[in-house]
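The structure appears right after this line, and notes come after that.
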Amino acid sequence: MPGVPRELAEHQLKVFPNAKPIKQRLRRFTPEKREAIRAELTRLKAAGFIREVMHPEWLANPVLVLKKNKKNWRMCVDYTDLNKHCPKDPFGLPRIDQVVDSTAGCALLSFLDYYSGYHQISLAIEDQEKTTFFTPFGAYCYTSMSFGLKNAGAMYQRAIQTCLTDHWGKRVEAYIDDIVIKIENEEDFIDDLRQVFDSLKKFRWKLLSSATEESKRIPRRSRLFYACTLPDHKKMLKG
């Protein structure tokens with residue numbers, strides 16, 4: 001899947017030069033978890049988010065956690081060892097209370113989610129094999145920024161603020177991959193949305209759409225609220 005241009009954002013691990021590669025002890029998985037891993041690998045390979053690795057120096061384990069529906073598994077990777085050898089990005093995230101306060105008095109709010117948000121940002125080529133994880137079906141590394149890597153949130157926030165700089169603090173607020181478009185007057189609704197979408201399209205960001213199967217499985221990803229006084233902003237933002 002085409003992602004955000006590298007000129008806008010490319011995640012670099014900046015592993016300390018004296019760091020010694022660590023290979024985690026391989027874990028065993030139940031048959032159910034093996035099938036969940038197989039399905040996720042198929043999805044990630046089809047999207048171009050991972051590639052196979054033959055002789056990795058760093059090696060991590062996948063971790064499976066139950067999704068909110070308590071039926072399906074979500075695959076993450078344990079990057080604890082790798083993250084210990086990466087410096088912290090000082091780029092700060094917005095304060096949620098200030099984001100909430102900034103929506104007071106708006107006539108309309110439109111909440112949007114990005115499709116596989118983190119994966120829309122490329123991972124530096126020289127760092128890709130450092131993200132290698134072992135599965136019962138082979139070793140793979142990420143070609144895009146993966147959730148769980150140190151500073152991924154800061155990189156994502158920086159990229160969003162950069163591409164939406166003309167709207168930031170005016171008609172748009174965002175906390176990492178959650179974005180809210182603020183409309184003060186209902187008459188400006190379509191025009192405000194169009195301007196924000198044009199900026200996102202310019203930098204090739206992909207949003208979840210209610211017209212896709214993906215978003216149908218994740219309800220209420222894009223919502224509108226009519227309000228004169230919004231009663232519980234925090235719950236709205238958390239969704």
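The values are calculated or read from the model by the stated rules, or taken from the named source; none is laboratory data. Everything numeric in this text was worked out from a predicted model, so none of it was measured. Note that we place each Cβ from the backbone using ideal geometry, even for glycine, and neighbour counts take in every protein chain shown.
The condition (being of a type in the set (D, E, K, R), closer than 30 Å to Arg38 by Cβ, modelled with pLDDT of 80 or more and not in a helix (DSSP H, G or I)) is satisfied by just one residue among Lys150, Lys182: Lys150. For beta carbons closer than 7 Å, sequence separation of 6+ or different chains, a first residue in the range 153-171 that is closer than 15 Å to Gly92 by Cβ and a second that is charged (D, E, K, R) and buried (at least 21 other Cβ atoms within 10 Å of the Cβ), there are no qualifying pairs.
Filtering Pro90, Pro2 for residues that are over 16 Å from the mean Cα position of the chain (by Cα), over 15 Å from Ala139 (Cβ atoms), modelled with pLDDT under 95 and loosely packed, with under 12 Cβ neighbours inside 10 Å leaves a single hit, Pro90. Any residue in the range 79-99 that is under 16 Å from Ala154 (Cβ atoms) sitting within a Cβ distance under 6 Å of a residue that is in a helix (DSSP H, G or I)? List the pairs, counting only those 6 or more apart or interchain. Pairs that qualify, where the first residue is under 16 Å from Ala154 (Cβ atoms) and the partner is in a helix (DSSP H, G or I), are Asp89/Ala154; Phe91/Ala154; Phe91/Arg158; Leu93/Gln157.
If a residue has to be closer than 20 Å to Met145 by Cβ and either hydrophobic (A, V, I, L, M, F, W, C) or surrounded by 14 or more Cβ atoms within 10 Å (Cβ to Cβ) (or both) to count, how many in the range 22-50 make the cut?
Total meeting the criteria: 7.
Has the range 55-63 got any residue that is loosely packed, with under 15 Cβ neighbours inside 10 Å and closer than 16 Å to Glu129 by Cα? Looking through the range 55-63, at least one residue is loosely packed, with under 15 Cβ neighbours inside 10 Å and closer than 16 Å to Glu129 by Cα.
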